[in-house]
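J.: Got a structure here, written out as structure tokens. Questions coming.
The values are calculated or read from the model by the stated rules, or taken from the named source; none is laboratory data. Quantities reported herein were computed from a predicted structural model and do not represent experimental measurements. Cβ sites come from the backbone with ideal geometry, for glycine too, and all protein chains shown count toward neighbours.
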Amino acid sequence: MPFKVEAANDADIEKILSIIFLCYGGKNEYINAVFPRALTEEGHKLNVERMLFINSVAPSVFWEKVSDGETGQIVGGAMWNLCEQQKPPPYDIDGPPGTWESESDKAYAQALQRSFVVDENRLWEDNELPLLGLAMMGISPEFQRKGAGAALLESGLNLADAKQAATILVSNEDGLRLYEKHGFETQNERDLTVPEEFGQNTDVRIWTMIRERKSA
Ligand SMILES: CC(C)(COP(=O)(O)OP(=O)(O)OC[C@H]1O[C@@H](n2cnc3c(N)ncnc32)[C@H](O)[C@@H]1OP(=O)(O)O)[C@@H](O)C(=O)NCCC(=O)NCCS
């Protein structure tokens, strides 16, 4: 099936986010905590508002959509961060009022996120600019395993190669093979942890990966 990859506008981003959260299907504890109620209309709206805000304040962030080449239907998308001049500052996740139902839900999400980025931040620190980060990516379940994910990934990696940038991402088990096939190597594999005060740890396993830059 032929797929087309293009820059995504705000309306596309809304569609891409609904696809990405549908992919996770409410089954990933990390996603559920960081993007609460993503499969409800209210949660979706808050997530869209939050991601469009990031887009408006972070010029290094860009989104791409992948569409069915015959029907034009958007089947997935990715959020990238191309840093050429400056590395991203460390940050705690936040969202518009109402994103989390309680302060403790928000604190738990922030704790999970801090664990999520430990190895990723080290890669950002240890590698010279330019660097490309893949922040999120997803393909509609009915279009998976048809090459759409590869097309989307390759579009970003072509840019990385043109810029001679290394590419950094954090994968789950589903993405591993696709990333390995495209030259990513795992630097760390571990389960997310949170401080004891939050009670039980999750069973969310992450792989922090890098694809080295292509030299001229
Ligand atoms: C991970 C994900 C992005 C991959 O997207 P995808 O479109 O399914 O990826 P591709 O089709 O390009 O490649 C996946 C597999 O399909 C195979 N494939 C590609 N084209 C194919 C075709 N025409 N027929 C059959 N299989 C095909 C690929 O060889 C690859 O096989 P492998 O897993 O054995 O290596 C997608 O599964 C997804 O959105 N998952 C849920 C969200 C998620 O986990 N995102 C990544 C988080 S880091």
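J.: Exactly one condition in (1) surrounded by fewer than 20 Cβ atoms within 10 Å (Cβ to Cβ); (2) in contact (Cβ under 8 Å) with a residue 40 or more places away in the chain; (3) farther than 21 Å from LYS4 by Cα is false for ASP126; which is it?
T.: (2)
J.: Where residues in region 131-145 are over 15 Å from VAL170 (Cβ atoms) and surrounded by 16 or more Cβ atoms within 10 Å (Cβ to Cβ), which of them is nearest to the ligand (Cβ to nearest atom)?
T.: ILE139
J.: Tally up the residues in region 164-174 that are surrounded by fewer than 15 Cβ atoms within 10 Å (Cβ to Cβ) and either assigned to a strand (DSSP E or B) or within 16 Å of the ligand (Cβ to nearest atom) (or both), please.
T.: Number of matching residues: 3.
Quick grid of which residues meet (1) closer than 23 Å to ALA107 by Cα; (2) near the ligand (Cβ under 9 Å from one of its atoms):
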| site | (1), (2) |
| --- | --- |
| ALA162 | no, no |
| LEU176 | no, yes |
| TYR179 | no, yes |
| HIS182 | no, no |
| THR186 | no, no |
| ARG190 | yes, no |
| ARG211 | no, no |
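J.: Something else about it: Does ASP92 satisfy the condition of being free of Cβ contacts under 8 Å to residues at least 24 places away in the same chain, in contact with a helix residue (DSSP H, G or I) (Cβ under 8 Å, 6 or more places away or on another chain) and either within 16 Å of the ligand (Cβ to nearest atom) or not polar (S, T, N, Q) (or both)?
T.: Spelling it out, ASP92 is indeed free of Cβ contacts under 8 Å to residues at least 24 places away in the same chain, in contact with a helix residue (DSSP H, G or I) (Cβ under 8 Å, 6 or more places away or on another chain) and either within 16 Å of the ligand (Cβ to nearest atom) or not polar (S, T, N, Q) (or both).
J.: Only one of LYS15, LYS65 is assigned to a strand (DSSP E or B) and charged (D, E, K, R); which?
T.: LYS65
J.: Is region 122-130 home to any residue that is closer than 24 Å to GLU14 by Cβ, within 16 Å of the ligand (Cβ to nearest atom) and not small (Gly, Ala, Ser)?
T.: Looking for residues that are closer than 24 Å to GLU14 by Cβ, within 16 Å of the ligand (Cβ to nearest atom) and not small (Gly, Ala, Ser), one finds none in region 122-130, hence no.
Yes/no matrix, rows are residues, columns are (1) part of a helix (DSSP H, G or I); (2) in contact with a Phe, Trp or Tyr (Cβ under 8 Å, 6 or more places away or on another chain):
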{"position": "MET79", "(1), (2)": "no, yes"}
{"position": "PRO97", "(1), (2)": "no, no"}
{"position": "LEU129", "(1), (2)": "no, no"}
{"position": "GLY133", "(1), (2)": "no, yes"}
{"position": "ALA150", "(1), (2)": "yes, no"}
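J.: If TYR91 meets every condition in (1) surrounded by fewer than 13 Cβ atoms within 10 Å (Cβ to Cβ); (2) modelled with pLDDT of 95 or more apart from one, which number is that one?
T.: The one condition TYR91 does not meet is (2).
J.: Can you list residue pairs whose Cβ atoms sit under 6 Å apart, with the first residue in region 137-150 being touching a residue at least 12 places away in the same chain (Cβ under 8 Å) and the second being part of a helix (DSSP H, G or I) and within 6 Å of the ligand (Cβ to nearest atom)? Count only pairs 6 or more apart in sequence or on different chains.
T.: From region 137-150, the pairs are GLY138/CYS23; ILE139/ALA148; ILE139/GLY149; GLY149/LEU178.
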